[in-house]
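These notes are about the structure you will find just below.
The values are calculated or read from the model by the stated rules, or taken from the named source; none is laboratory data. Please read all numbers here as calculations on a predicted model, not as lab measurements. Because the Cβ atoms are built from the backbone with ideal geometry, glycine has one as well, and the counts that use them run over all protein chains shown. All accessible areas refer to the heavy atoms of the entire protein, side chains included, with ligands and DNA or RNA removed. Shrake-Rupley method; radii C 1.70, N 1.55, O 1.52, S 1.80 Å.
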Amino acid sequence: MLNDILKRTSCRKYLDKPIEVEKINKLKEIINSSPTALNLQDFSCIFVTDKQTRDKIAIYAGNQRHISEAPLFIAFYGDHNRLKDKAHWAVADAIIATTLVMIAAESLGLQTCLIGHIIYQEENMNKLLNVSGNTKLAIGITIGYAQEKGRTPKKVNRCYDEIYNIDKVKQGL
């Protein structure tokens, strides 16, 4: 698993092949087992397999064709409808779950691509997915079988010992 994480790429070309129900159910199980701050269970996600809906999401995300091509798109929301008080970490919990799904999908032989651009189209996404109440769109992810695997991105140091070092940040740019 560690090598899979280190070799992870973003997939932007998917095969026209549906994901087996068992694998989708396993991803749902991973999400429902995901940790949340104070065990608040403060996020929700929407599994989108309908091609017409994925086509609209692709447009909202800046015409990213791979959203249409992937057989599965999942939208993750910080969901304050689940709480009496607004939790500031609901979006972070949703993103943690997204990361776990990304790792789990790859262990199931699937590839993924995180989609952050959709947060700029939250109102359209909410209408499209019938989301209402007190929610915050966190991130999306495409999942499917790779037609072609992406290239491994350049590794950039984002870790510092004891203190932050702005000079190292500038060197890495």
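Looking across region 136-163 at every residue that is among the hydrophobic types (A, V, I, L, M, F, W, C) and open to solvent by less than 100 Å² (accessible area, probe 1.4 Å), the one that is modelled with the lowest pLDDT is identified as Val156.
Quick one: in region 20-43, which of the residues that are touching a Lys or Arg at 6+ places or on another chain (Cβ under 9 Å) and surrounded by fewer than 18 Cβ atoms within 10 Å (Cβ to Cβ) is modelled with the highest pLDDT?
Looking at residues that are touching a Lys or Arg at 6+ places or on another chain (Cβ under 9 Å) and surrounded by fewer than 18 Cβ atoms within 10 Å (Cβ to Cβ), I get Gln41.
Looking at Ala97, Ala104, Ala90 in this structure, which one is within 23 Å of Arg151 (Cα to Cα) and surrounded by 14 or more Cβ atoms within 10 Å (Cβ to Cβ)?
It is Ala104.
Exactly one residue among Lys51, Lys56, Lys17 is touching a strand residue (DSSP E or B) at 6+ places or on another chain (Cβ under 8 Å), of a type outside the set (Val, Ile, Thr) and open to solvent by 80 Å² or more (accessible area, probe 1.4 Å), and that residue is Lys17.
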